[in-house]
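**Student:** Structure provided below as structure tokens; questions to follow.
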Ligand code: RIB
Ligand code: CA
């Protein structure tokens, strides 16, 4: 029997987080048991409201949302509203559904309680790892029964997006990232890292956006509203026509790990100095430590985009393949 995999999505919506939620909620392989919000792209309260906007679009207001940490463990909090807009959804000013608020208990409390009771749960983390680090600080064994942890974050051989060497999620809270990776080393587990080395290959172009609107006007129009700001940012800073959509790849990889290939290595994160937030991947085993991470290094980008379009917007897979082939 094809059982759905139970996942908690920990995120900071955020434009690409929103696309990732749409992908997860369109995938029958997943049972999204809850969504936990962390400070990152936007402050937590905005992240909560943006999540409700996506849940309303996807007709899934049944899913519980938990508000998490409002600042990183040590560093001053620096949002990414320059990239995602002050509202976190590209200044789209989409109305949040009225009367919806986060659950009473915090994300860290919910996660701690769930890891103690649920024996077959996984986490897809799409933002800074502050919520998870808080749970580990409370009980270093808390995540020992977690099935899988897939983290969109970090970078190995690809340049950073917050500094020459650091990716935003691990740069925003490097101490949390270090705690999570080193805890997984202690537990003999591996973080599955979907970093910039692979997500940079995933570009939502104006053509693809236009196609999605043709096959699903409501969802395509929602995406169009939230990505314009992101398109402008990508043209201004990286001369890209379209936008890199990092987070949905973490969801797609969770569902089908063959979408990426990678290496196992001991991995940790720098927490101070010029290269703060840098992911250190010891591929050549200088430190002779057991690997605590599977670091994705290549991706089947066309396959991802076919799945992204078909799952969220519908259409004919053959037609989608043809359209993408024409790009
Ligand atoms: O560096 C990209 C990551 O940081 C993405 O998850 C984006 O949403 C931001 O959280
Ligand atoms: Ca994110």
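Here, each number is a calculation from the coordinates, and none is a lab measurement. For clarity, every value in this text was computed on a predicted model and none was experimentally measured. Cβ placement follows ideal geometry from the backbone for every residue including glycine, while neighbour counts extend to all protein chains displayed.
**Student:** For the range 94-247, what relative contact order do you get, as a whole percent, if you take Cα pairs closer than 8 Å and at least 6 residues apart? Show your work: numbers first, answer last.
**Tutor:** Details: 199 pairs, mean separation 30.4, N = 154.
Taking the mean separation of contacting Cα pairs over the length of the range 94-247, I get 20 percent.
**Student:** For the pair residue 33 and residue 326, what calculated FRET efficiency results from E = 1/(1 + (r/R0)^6), where r is the Cβ-Cβ distance and R0 = 51 Å, to the nearest 0.05?
**Tutor:** 0.85
**Student:** Projected area of the range 188-315, taken from the Cα convex hull and averaged over every viewing direction, in nm²?
**Tutor:** Convex hull of Cα atoms, orientation-averaged projection: 9.6 nm².
**Student:** Need one word for the range 95-239: rounded, prolate or oblate. Basis is the Cα gyration tensor (sqrt eigenvalues a ≥ b ≥ c); a/c below 1.5 gives rounded, then a/b vs b/c decides.
**Tutor:** oblate
**Student:** Can you give me the convex hull volume of the Cα atoms of the range 45-165, divided per residue and expressed in Å³?
**Tutor:** Value for the range 45-165: 148 Å³ per residue.
**Student:** Right, another one. What whole number of Å gives the distance from the Cα centroid of the range 77-129 to the Cα centroid of the range 184-240?
**Tutor:** 18 Å
**Student:** Please state the relative contact order of the chain as a whole percent: Cα pairs under 8 Å, 6+ residues apart? Intermediate values should be presented prior to the final figure.
**Tutor:** Details: 703 pairs, mean separation 60.5, N = 327.
Answer for the chain is 19 percent.
**Student:** Using all alpha carbons of the range 109-177, what is the percent of pairwise distances in each 10 Å bin, ordered from the shortest bin to the longest?
**Tutor:** 21, 46, 24, 9, 0
**Student:** Restricting to DSSP H runs of at least four residues, report the calculated mean residue ellipticity at 222 nm for the chain, -39500 (n - 2.57) per run over all residues, nearest 500 deg cm²/dmol. Present the calculation step by step, with values, prior to reporting the outcome.
**Tutor:** Working: 13 runs with 136 residues, N = 327.
Calculated at 222 nm, the ellipticity per residue is -12500 deg cm²/dmol.
**Student:** By its C-alpha gyration tensor, with a ≥ b ≥ c as the square roots of the eigenvalues, how is the range 21-114 shaped: rounded for a/c under 1.5, else prolate for a/b larger than b/c, else oblate?
**Tutor:** On the way: a/c = 1.68, a/b = 1.12, b/c = 1.50.
Oblate is the answer for the range 21-114, as a/c is 1.5 or above yet b/c matches or exceeds a/b.
**Student:** On full extension of the chain, what length is gained from residue 298 through residue 59, given 0.36 nm per residue of separation minus the C-alpha to C-alpha distance?
**Tutor:** So the chain would gain 82.7 nm between residue 298 and residue 59.
**Student:** With a ≥ b ≥ c taken as the square roots of the eigenvalues of the C-alpha gyration tensor of the chain, please select rounded if a/c is under 1.5 and otherwise prolate if a/b is larger than b/c or oblate if it is not? Could the numbers behind the result be given before it?
**Tutor:** Numbers: a/c = 1.39, a/b = 1.24, b/c = 1.12.
Taking the square roots of the gyration eigenvalues as a ≥ b ≥ c, the chain is rounded.
**Student:** Sort 126-133, 42-49 by packing, meaning the average of other beta carbons within 10 Å per residue, with the highest value first. Mind showing how you got there, number by number?
**Tutor:** Numbers: 126-133: 30.5, 42-49: 22.4.
Packing proxy ranking, top to bottom: 126-133, 42-49.
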